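**Student:** To start, I am sharing the structure in question, which I have written as structure tokens.
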Amino acid sequence: MRRAFYLLFLFFLFQCEKEAYNFSNEWLKEKRIYVYGTPPLDYLKEVNGSVIAWSVYHGGLNDEELDYVRKLHSEGIKVASNFPTMQASPSVVGSNDLEKYACKDINGNPVKALWIQPNSPYLPCHNNPEWQEFLKRRLREHIDGEVDAIHFDEIEGIGGHLYIAGFCEHCMRGFRRYLSQKFTPSELKSLFGIEEVENFDYREYLLSRGARGIFDDPNKKLAKEFVIFQLKSRKEQIEELIRYAREYAGRDIAFGGNLFFLTPNKQIFIDDLDFSVSENFIELPPDGKYMGTYLLTRAISEEKPFIMFPNIIDLKFMSLINNYETLPLRIMESGAGGEGFLIPYRAYIFGGGLSTVKGTATAPPEKIRNYTKMLVENPDLFNGKITGEIGILYDFSCALEEYAEEGYAYPYIPSGKVHTGSLGMALYLQKKHIPFRFIYEGDGDFVKKESEDINGLRMILVPYPPCEAFDRFKILKRAEEMKIPVHFIPEGYRIWNGEKMDFDFLKSEILSTDAGEDVGIVAAESDNKTVVHLINYDYSLKEGFRRTKPFYVRICGKEKGRGITMVPGGDPEEIEIKKENNCFSFLSPGFEIYRVVVIEHNQ
Ligand SMILES: [Zn+2]
């Protein structure tokens, strides 16, 4: 009998050993399809999804979702939780005593998160110690809930809402501390007229000058310091939360965040995170093209996954157009850019309620499964190094300076000329079929990233007006030494606003084609292969996607090789590759949304 128990015990031990889940961040390196929400397993299988993000524990740990997480783990699916950090609502916090967390407006009234409707929750203050403690408690719950990753929503903190908030007692105290640490008493007096910093209250200071917000501060330098204080204190908080969570977890755990539109006040968190699942503005093709955004994130951090998602207003629109017919384009565009696109499953929609969408959005599997399948079955086609002939400089110091000067004044588009100018230039180069990449230079403080290798670039473009920081550009000095021409395009940002500009001197020396402007061409290299992604943006609401005509593509500086072409849902076919001097060329057959041409050079 004893022996039987002993054997039974050993058997259980063996079972536990076999089923113990191994937490490892290795999955971040794999090509996986991310799905929003808490979809059933069947749905995930249908759309080839293997990571859920923005998913469980929105309201904290609960048995039902814990069971679900364990079930997903047993099927090899990874779970990134949903951690709202700026919503003090009963459903998130689990209590009704919430006003105490709220940050205040300039008149001292508690502020609400108006992007959540109806019943907007209070907007908590990241500088509030009680809220900081709540977030730590909540982090522990997510870890006890056995998630692979924690996804910070609203990562910007109060620093992203200074058009309305930022004036509670905790913010005022924090700003006093920031000023006294950064400046000497005599500097405080001469720069800002502050006599005794321990008695300084920025809200009272503004009110006494008749200001309705920081944009009315007669001392712009002080307003800028306030913005930097709010960004810095949030970054410190996020770093502390991550440190705390890793210590508590004592195992591999990853951190993601919503870097909405990748604006400067979100870029400051990239160094701290392992991946991002980010909302973005998504306009309709042909104008809505996002290769620039993908290449910008690659320049900031090539190895970290960046998964794009439509913001809650655009998601509603996308769900309404002919049953998500533009979603396959978004999936393949992100794949060509080496990144990902989040598949919506019962995703929250701002102002939902129309009978066709019923307040949430879910992608129909039959619309997308061929596309997601192509991505997961051919990871090597979507991991290559993207060919860039022209570099667009994105200088973070300039972008941040611009944000600090005016970005805080707007709720949704605090992007400025540096940001929109750079992405607008990317749009232009994509239309003109000029291969480009971004060159990113951090400020060494908020973003550590040093400017990268500029070898192989034929030209560098700076598509925004000169900012004060220009002489700080190490990269431009290096370009000068290497005799790489640099062009300043002060009006470049206007392209974003749809104004036509012609830059005749911008031509590609390596890629030529007779494809129309609405075809996107992205060439990448991996393992002795050239992978050419062809994307069709020729779309109208009335006619849907208009199939492309056949067109030629010639790429120079490369040997000819064996050619294969494929469209989603189809089999690979041979394609003839011709050799012309130092170039190769092919004739692409017409296609509806996406085609890939792969040239294997050693065959
Ligand atoms: Zn506050």
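The values are calculated or read from the model by the stated rules, or taken from the named source; none is laboratory data. What you are looking at is a predicted structure, and each value in this text was computed from that prediction instead of being measured. All Cβ positions, glycine included, derive from the backbone under ideal geometry; neighbour counts span all protein chains shown.
**Student:** Name the single residue, out of those in the stretch 90-107 being surrounded by fewer than 12 Cβ atoms within 10 Å (Cβ to Cβ) and within 16 Å of the ligand (Cβ to nearest atom), that is farthest from the chain's Cα centre (by Cα).
**Tutor:** 107
**Student:** Kindly provide the set of residues from the stretch 184-228 that are more than 18 Å from residue 104 (Cβ to Cβ) and touching a Gly at 6+ places or on another chain (Cβ under 8 Å), ordered by number.
**Tutor:** 219
**Student:** Kindly state which strands (runs of 3 or more DSSP E) lie completely within the stretch 523-601 and contain at least 2 residues that are under 32 Å from the mean Cα position of the chain (by Cα).
**Tutor:** Details: elements: 529-536, 551-556, 562-566, 573-575, 578-580, 583-588, 594-600.
Where strands (runs of 3 or more DSSP E) fall fully within the stretch 523-601 and carry at least 2 residues being under 32 Å from the mean Cα position of the chain (by Cα), they are 529-536, 551-556, 562-566, 594-600.
**Student:** Just give me the residues in the stretch 285-316 being more than 17 Å from residue 33 (Cα to Cα) and in contact with a Pro (Cβ under 8 Å, 6 or more places away or on another chain), in sequence order.
**Tutor:** 315
**Student:** Restrict the check to the stretch 177-191 and report whether at least one residue is crowded, with 21+ Cβ neighbours inside 10 Å and of a type outside the set (A, V, I, L, M, F, W, C).
**Tutor:** Step one: of the stretch 177-191, the residues crowded, with 21+ Cβ neighbours inside 10 Å are 179.
Narrowing further to those that are of a type outside the set (A, V, I, L, M, F, W, C): none.
Taking every residue of the stretch 177-191 in turn, none turns out to be crowded, with 21+ Cβ neighbours inside 10 Å and of a type outside the set (A, V, I, L, M, F, W, C).
**Student:** A further question follows. Of everything in the stretch 192-204, what is away from the ligand (no atom under 16 Å from the Cβ), part of a helix (DSSP H, G or I) and surrounded by 15 or more Cβ atoms within 10 Å (Cβ to Cβ)? Give them in sequence order.
**Tutor:** 192, 197
**Student:** Tell me yes or no: at least one residue of the stretch 286-302 is in contact with a Leu (Cβ under 9 Å, 6 or more places away or on another chain), free of Cβ contacts under 8 Å to residues at least 60 places away in the same chain and in a helix (DSSP H, G or I).
**Tutor:** Yes, the conditions are met somewhere in the stretch 286-302.
**Student:** Could you tell me whether residue 111 is more than 16 Å from the ligand (Cβ to nearest atom) and touching a His at 6+ places or on another chain (Cβ under 9 Å)? Lay out the reasoning, then the answer.
**Tutor:** On the way: more than 16 Å from the ligand (Cβ to nearest atom): no; touching a His at 6+ places or on another chain (Cβ under 9 Å): yes.
Here the answer is no, as residue 111 does not meet what is asked.
**Student:** Cβ-Cβ below 6 Å, separation at least six or inter-chain, first residue in the stretch 239-254 and free of Cβ contacts under 8 Å to residues at least 40 places away in the same chain, second buried (at least 17 other Cβ atoms within 10 Å of the Cβ): which pairs?
**Tutor:** 242/255
**Student:** Would you mind telling me which numbered condition in (1) over 28 Å from residue 360 (Cβ atoms); (2) in a strand (DSSP E or B) residue 152 fails?
**Tutor:** (1)
**Student:** Can you confirm whether the stretch 138-152 contains a residue that is in contact (Cβ under 8 Å) with a residue 12 or more places away in the chain, under 30 Å from residue 271 (Cβ atoms) and within 16 Å of the ligand (Cβ to nearest atom)? Give the derivation first.
**Tutor:** Of the stretch 138-152, the ones in contact (Cβ under 8 Å) with a residue 12 or more places away in the chain are 138-152.
In the following step, the residues that additionally are under 30 Å from residue 271 (Cβ atoms) were identified as 138-152.
Among the residues that remain, those that are also within 16 Å of the ligand (Cβ to nearest atom) are: none.
Within the stretch 138-152, none of the residues are in contact (Cβ under 8 Å) with a residue 12 or more places away in the chain, under 30 Å from residue 271 (Cβ atoms) and within 16 Å of the ligand (Cβ to nearest atom).
**Student:** While we're looking at this one, here's another question. Can you give me the number of residues within the stretch 205-217 that are surrounded by 12 or more Cβ atoms within 10 Å (Cβ to Cβ) and either part of a loop (DSSP other than H, G, I, E, B) or more than 39 Å from the chain's Cα centre (by Cα) (or both)? Before the answer, list the steps.
**Tutor:** Residues of the stretch 205-217 surrounded by 12 or more Cβ atoms within 10 Å (Cβ to Cβ): 205-207, 211, 213-217.
From what is left, the residues that are either part of a loop (DSSP other than H, G, I, E, B) or more than 39 Å from the chain's Cα centre (by Cα) (or both) are 211, 213, 217.
Of the residues in the stretch 205-217, 3 are surrounded by 12 or more Cβ atoms within 10 Å (Cβ to Cβ) and either part of a loop (DSSP other than H, G, I, E, B) or more than 39 Å from the chain's Cα centre (by Cα) (or both).
**Student:** Let me ask something else about it. Output the qualifying pairs, or none if there are none: Cβ atoms under 7 angstrom, residues six or more apart or on different chains, first residue in the stretch 168-179 and under 15 Å from residue 100 (Cβ atoms), second residue aliphatic (A, V, I, L, M) and within 13 Å of the ligand (Cβ to nearest atom).
**Tutor:** Taking only residues 6 or more apart or on different chains, the pairs are 171/158.
**Student:** Any residue at all in the stretch 73-84 that's without any contact (Cβ under 8 Å) to a residue 12 or more places away in the chain, more than 12 Å from the ligand (Cβ to nearest atom) and surrounded by fewer than 22 Cβ atoms within 10 Å (Cβ to Cβ)? So that I can check it myself, show each step before the final result.
**Tutor:** Just the residues of the stretch 73-84 that are without any contact (Cβ under 8 Å) to a residue 12 or more places away in the chain, to begin with: none.
No: zero hits.
**Student:** Now, a different point. In this structure, does residue 38 turn out to be within 16 Å of the ligand (Cβ to nearest atom) and either closer than 30 Å to residue 375 by Cα or touching a residue at least 40 places away in the same chain (Cβ under 8 Å) (or both)?
**Tutor:** No; evaluated as a whole, the condition is false for this residue.
**Student:** Right, another one. Please enumerate the residues belonging to the stretch 527-543 that are surrounded by 15 or more Cβ atoms within 10 Å (Cβ to Cβ) and either of a type outside the set (Phe, Trp, Tyr) or farther than 16 Å from residue 596 by Cα (or both).
**Tutor:** 529, 530, 531, 532, 533, 534, 535, 536, 538, 539
**Student:** Does the stretch 565-587 hold any residues that are within 19 Å of residue 382 (Cα to Cα) and buried (at least 17 other Cβ atoms within 10 Å of the Cβ), and which are they?
**Tutor:** Keep residues of the stretch 565-587 that are within 19 Å of residue 382 (Cα to Cα), which gives 565-573.
Within the stretch 565-587, 565, 566, 567, 568 qualify.
**Student:** Select, from 122, 163, 178, the only residue that is away from the ligand (no atom under 11 Å from the Cβ), over 29 Å from residue 254 (Cα atoms) and modelled with pLDDT of 95 or more.
**Tutor:** The match here is 178.
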